Amino acid sequence: MIDALGIDACPRTSWDVDGVALTEDDVRRRQMHWYADHPEFIGAVLDRYTDLIEILGLS
């Protein structure tokens, strides 16, 4: 992300949430848990980004 945005910064190996360091795996697990608890979100995203998904060949 840093390179994509052209930001002059060093990448971090963890995320800081409310002063607690989380690893990338912690963040991934929490995201997957959130998606499992909110399945309607996936449908909404697919509806909103149908054209982009098609353009990128992800369908």
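Structure data summary
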read-out	value
All positions within the stretch 16-57 that are out of contact with any strand residue (DSSP E or B) (no Cβ under 9 Å at 6 or more places or on another chain) and of a type in the set (K, R)	R28, R29, R48
Qualifying residue in the stretch 25-37 (condition: of a type in the set (D, E) and surrounded by 10 or more Cβ atoms within 10 Å (Cβ to Cβ))	yes
Selection status of S59, loosely packed, with under 11 Cβ neighbours inside 10 Å and modelled with pLDDT under 95	yes
The stretch 1-55, residues that are of a type in the set (V, I, T) and in a helix (DSSP H, G or I)	I2, V27, I42, V45, T50, I53, I55
Candidates I2, I7 - the one that is in contact with a Cys (Cβ under 9 Å, 6 or more places away or on another chain) and either at pLDDT below 90 or not aliphatic (A, V, I, L, M) (or both)	I2
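The values are calculated or read from the model by the stated rules, or taken from the named source; none is laboratory data. All values reported here derive from a predicted model rather than from experimental measurement. FYI the Cβ positions are ideal-geometry reconstructions off the backbone, even for glycines, and counts take in every protein chain you see.
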